[in-house]
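The values are calculated or read from the model by the stated rules, or taken from the named source; none is laboratory data. The structure displayed is predicted, hence computed values, not measured ones. Glycine also receives a Cβ, built like all others from the backbone with ideal geometry; neighbour counts cover every protein chain displayed. Accessible surface areas use protein heavy atoms only, side chains included; no ligands, DNA or RNA. Shrake-Rupley method; radii C 1.70, N 1.55, O 1.52, S 1.80 Å.
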Amino acid sequence: MENLDAVYDHKKYESKWWNYWMDNHLFEAKPDRTKKPYSVVIPPPNVTDRLHMGHGLNVTLQDILVRWKRMLGYNACWVPGTDHAGIATQMMVEKSLESSGIKRKDLGREAFFQKCLEWKEKNGSIITTQQKRLGASCDWTREAYTMSPELSLAVRKIFVHLFEKGLIYRGERLVNWDPKLKTAISDDEIEMIEMQSQIYHFRYPVEGEVDSYVTVATTRPETMLGDVAVAVHPDDERYQHLIGKNVVVPFVQRSIPVVADTYVKMEFGTGVVKITPAHDPNDFELGKRHQLPMINILNEDATLSDLCPEGFKGLDRYDARKKIIKELKALGLFEKEESIKNSVPYSDRGKVAIEPRLSKQWYVKMSSLAGPALDAARDGRLKFYPDSWKKTYFHWLENIQDWCISRQLWWGHRIPIWYCEESGHVTTGMDDPKTCGQCGSSKLRQDEDVLDTWFSSWLFAQSTFGWPQKTEDLAYFYPTNVLITGPDIIFLWVARMVMVGFETLGNLPFHDVYFNSIICDKDGRKFSKTLGNGIDPLVVMDQYGADAVRYTCVSLSSIGGRVRMSPSDFEVGRNFINKIWNAARFLMTKTNGIALKPLNEVSLELPSKWLITEFKHTAAAVNRHLEAYQINEAVDKVYQLIWRSFCDWGLESAKLTLDSHHEEAREACASALFYVFEGALRLAAPMMPFVTEEIWSKIPRHPDFKPSKSLSVAAFPEGEEIPGFEEEFHKWELVQELVVGIRSARQQAGVPLKDKLDVFVKCNDATRLIFNEANPWILKLTSTLQLEAGSDTKRPARCLVAVGRGFEAFVPVGDYLDFDRERLRLENEFKRVSKVVDGMKAKLANPSFVERAPPEVIELTKGQMSQMEDQLESFRKNLEAISN
């Protein structure tokens, strides 16, 4: 038996065990029909990313499930990978080039693309290195990349398939436009920033009427140059007379109609809305309803286009705004401006306000793809954890819009579309065409745009296993079991993966979706670079270790929702790891030289039987919680087993036997302790793999467990295989109640630990026999000189009372306690708790609460009320005791 170091050094052991796992290929998975597969694909982070706390939580949750299933004997395959991150990577490379005075267009497309490849090779593995440091037990031989030849083939295949099926088309619609990067961007690349803005009120003359105007209000007056109508509510009596007439747009002198539409809110602003279909999503829809023209007044860089009048062409949008206000004032058409707070959409990458802009882009028709994805969630084949996200999923799919898949970038999968310069024919295919399929001309020009990054990552569940090839991996590992991701990409990624899974392979890409919590600071604000409130997991890993970060993240995070976290929280994780380490050192020292035997070959004492049964219950509960994705509950069960059950009760109770000279009893006690401790390490291994592996490698192997080369592939306790002693378990629970009650009374009275008291217990004969059997441990654990128990036990004078199930324990503390002060304290506590109990009773008696509250909330309330009623009974007994 090797000794453990005095202190756990995470830096020493993390690198040691990571190298051991890799050298022994413990996480690699190949198809094996003799084993049941369990497969997961990692949500591929951008190659530009560094590990943040959201990644840390997400990776840890996946790793716990994968390690758990691997230990249960599944052929666990966790596929890692990264996303080429079109916009982010292009920005990083352009920034790097500009520092040397080079612009992208100076290089040309091919040379710039090569620079992106070089940048990715140099910097693209940062986050995967950091994931490994966290302990991610992926099959790293399978590391995927969305721009690899294999995954690029899958992207090409799905594009060609959808195009030939008529589901990909080119159209002119409104997009989110980044004027700095000069590309369309997706909704997830937009950040809503609250800021102080101005809302401007100005007038449009009514055509053909002297001194007749309508007043509109907007935060973006520069867009007036693209107005094609003004709208009023059809029931607004103020403007009934104007419907069907025209008003005149100043500067361009464009005559535009006044239309009626229920979209307009009569009570908001002036009740008149200017309509600019090419620059506002709501106006775009209204423009389509009323068949209005679309006038794009913005260039790619958000300067005003040639469709604007002289004096405005080429102006930056904000300079144009100032000039328009000035000119409106000069014309006497400006009324007022007001300061307001509003949320402005900013490009997360470009860091500029985006513009809704009419643009010709490539789209995927989504309505036909949405049907199977909806059906799978409706009939329960696809499950969400928490289930509440199903409503969001339904709402989006039932109101789905076509997907803009083109981006005006050079880095990414170039759209496989070629235009014939002679016939105009459009063609695509799995191979680049050499000639036009219609006229035979070789004058072909490929589309300049690249595909949205999500167009490659939506295939991640199947492309990483070889699709579109019919591989053995794909047949064995697909569909995967669970996707763990954030709820913020339920539309952008989750729903799209489901749709393309059905479209390509006629099956779900995964059966379960687990939405991890959103990490926030202690004030409930989501971590962000802007606020500077984030926690760097690399910093806390340096300070506390990977296991502490893993434990803390998961223990605080329930399914979905938001979790508040501060750097000091990681001390809890470190303390737990130190507790496990010290427990191992104490156990190894205390049992040195004692031979371990199978449990069926030794005579176990009462505390050992309780501890083994507690381990059995915990193992069953941990598996049950993990199956239900209640991962934080599983972690808490392990914590309670190790800290409370094993350390506080198991080791403390065992000292009496281990310090004795009874060799057979010492062997039995040590065998039970090592059986439970090794079992606890197995339960904790998926959650804290490094510290448990190091301890497991040093402790003696218990003969009841099958050997293995690493704890990471050892058998995970399930509960059924563990012996149970239910009768003794309940006996020791009663003993624990007595011990806790006596300790509490001593502490309440301030009795020093060295002072031993006599304790008197009033109970029935059955309980008396239990206490008599456990007498040596009760005396040891409570610093009691003598315990007297029986049905005719009298309450002594000047004592405190501990009340338990079927007993009253009288602890004489008269020499230590100020009874007058204690009486006052008990009376105040009795009043306080009584009010709380009365409130709970009223709540449970309220039909409205009972009908609306979830069953678990009602049960929790009942349980809390029962505990408080027990407290009241204890207060009554103690008041009675000290009043006589």
- Query: Name the pairs: first residue in the stretch 398-411 and touching a residue at least 24 places away in the same chain (Cβ under 8 Å) and within 20 Å of M91 (Cβ to Cβ), second residue among the basic types (K, R) and open to solvent by less than 50 Å² (accessible area, probe 1.4 Å), Cβ to Cβ under 6 Å, at least 6 apart or on different chains?
  - Reply: W410/R109
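Results for (1) hydrophobic (A, V, I, L, M, F, W, C); (2) in contact with a Pro (Cβ under 6 Å, 6 or more places away or on another chain); (3) at pLDDT below 95; (4) under 22 Å from R550 (Cβ atoms), shown as yes or no for each residue.
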| residue | (1), (2), (3), (4) |
| --- | --- |
| Y629 | no, no, no, yes |
| E652 | no, no, no, no |
| H662 | no, no, yes, no |
| A665 | yes, no, no, no |
| A670 | yes, no, no, no |
| V676 | yes, no, no, no |
| G679 | no, yes, no, yes |
| P689 | no, no, no, yes |
- Message: Just checking, does the stretch 136-148 include any residue being farther than 18 Å from P356 by Cβ, at pLDDT 95 or above and open to solvent by 60 Å² or more (accessible area, probe 1.4 Å)?
- Response: yes
- Task: Within the stretch 191-209, count every residue that is open to solvent by less than 40 Å² (accessible area, probe 1.4 Å), under 30 Å from R525 (Cβ atoms) and among the aliphatic types (A, V, I, L, M).
- Result: 1
- Task: Report yes if some residue within the stretch 443-466 is over 28 Å from N58 (Cα atoms) and surrounded by 19 or more Cβ atoms within 10 Å (Cβ to Cβ); otherwise report no.
- Result: yes
- Please specify each residue of the stretch 794-822 satisfying the condition of being charged (D, E, K, R), more than 13 Å from G750 (Cα to Cα) and open to solvent by 60 Å² or more (accessible area, probe 1.4 Å). K794, R795, R798, R805, D820, R821
- Query: For W78, all conditions in the list (1) touching a Cys at 6+ places or on another chain (Cβ under 7 Å); (2) modelled with pLDDT of 95 or more; (3) part of a helix (DSSP H, G or I) hold save one; what is the number of the exception?
  - Reply: (3)
- Checklist (1) modelled with pLDDT of 95 or more; (2) out of contact with any Lys or Arg (no Cβ under 9 Å at 6 or more places or on another chain); (3) open to solvent by 20 Å² or more (accessible area, probe 1.4 Å); (4) among the hydrophobic types (A, V, I, L, M, F, W, C) applied to F394, failing item: (2)
- Task: Within the stretch 12-45, track down each residue that is without any contact (Cβ under 8 Å) to a residue 60 or more places away in the chain and either in contact with a Gly (Cβ under 9 Å, 6 or more places away or on another chain) or not in a loop (DSSP other than H, G, I, E, B) (or both).
- Result: K12, S15, N19, D23, K35, K36
- Are any residues in the stretch 47-64 assigned to a helix (DSSP H, G or I) and either open to solvent by 10 Å² or more (accessible area, probe 1.4 Å) or closer than 20 Å to T480 by Cα (or both), and if so, which ones? G54, H55, N58, V59, T60, L61, Q62, D63, I64
- Message: If I filter the stretch 377-392 down to residues being in contact (Cβ under 8 Å) with a residue 40 or more places away in the chain and assigned to a loop (DSSP other than H, G, I, E, B), which single residue comes out as nearest to G561 (Cα to Cα)?
- Response: P386
- Among (1) within 19 Å of D280 (Cβ to Cβ); (2) of a type outside the set (G, A, S); (3) touching a Lys or Arg at 6+ places or on another chain (Cβ under 8 Å), which single condition is E335 missing? (1)
- Query: Any idea which residue in the stretch 249-267 is most open to solvent (accessible area, probe 1.4 Å), counting only those that are part of a loop (DSSP other than H, G, I, E, B) and under 14 Å from V228 (Cα atoms)?
  - Reply: Q253
- What is the one condition in (1) surrounded by 15 or more Cβ atoms within 10 Å (Cβ to Cβ); (2) free of Cβ contacts under 8 Å to residues at least 60 places away in the same chain; (3) not in a helix (DSSP H, G or I) that D758 does not satisfy? (1)
- Message: Condition first: surrounded by fewer than 20 Cβ atoms within 10 Å (Cβ to Cβ) and of a type in the set (A, V, I, L, M). Now tell me which residues in the stretch 735-750 satisfy that.
- Response: V740
- Task: Residues being in a loop (DSSP other than H, G, I, E, B) and within 43 Å of the chain's Cα centre (by Cα): count how many of those fall in the stretch 272-294.
- Result: 6
- When you go through (1) touching a strand residue (DSSP E or B) at 6+ places or on another chain (Cβ under 8 Å); (2) open to solvent by 40 Å² or more (accessible area, probe 1.4 Å); (3) not charged (D, E, K, R) one by one for I417, which number turns out not to apply? (2)
- Considering the stretch 1-11, residues that are assigned to a loop (DSSP other than H, G, I, E, B) and of a type outside the set (S, T, N, Q), and then whichever is surrounded by the most Cβ atoms within 10 Å (Cβ to Cβ), we arrive at Y8
- Item | In the stretch 91-109, the residues that are touching a residue at least 40 places away in the same chain (Cβ under 8 Å), under 17 Å from P179 (Cβ atoms) and not basic (K, R) | M91
- Query: Can you pull out the helices (runs of 4 or more DSSP H) entirely within the stretch 609-717 that have at least 1 residues that are out of contact with any Leu (no Cβ under 8 Å at 6 or more places or on another chain) and open to solvent by 10 Å² or more (accessible area, probe 1.4 Å)?
  - Reply: 631-639, 652-658, 663-684
- Message: Between A260, A229, which is in contact with a Gly (Cβ under 9 Å, 6 or more places away or on another chain), within 25 Å of P309 (Cβ to Cβ) and small (G, A, S)?
- Response: A229
- Item | Matching residues, the stretch 821-859, being touching a helix residue (DSSP H, G or I) at 6+ places or on another chain (Cβ under 6 Å) and farther than 30 Å from A881 by Cα | K843, F849
- Message: Going residue by residue through the stretch 532-546, is there one that turns out to be surrounded by fewer than 23 Cβ atoms within 10 Å (Cβ to Cβ) and touching a strand residue (DSSP E or B) at 6+ places or on another chain (Cβ under 8 Å)?
- Response: yes
- Task: Being of a type in the set (D, E) and closer than 19 Å to P221 by Cβ is the filter; apply it to the stretch 268-296 and report the residue that is surrounded by the fewest Cβ atoms within 10 Å (Cβ to Cβ).
- Result: D280
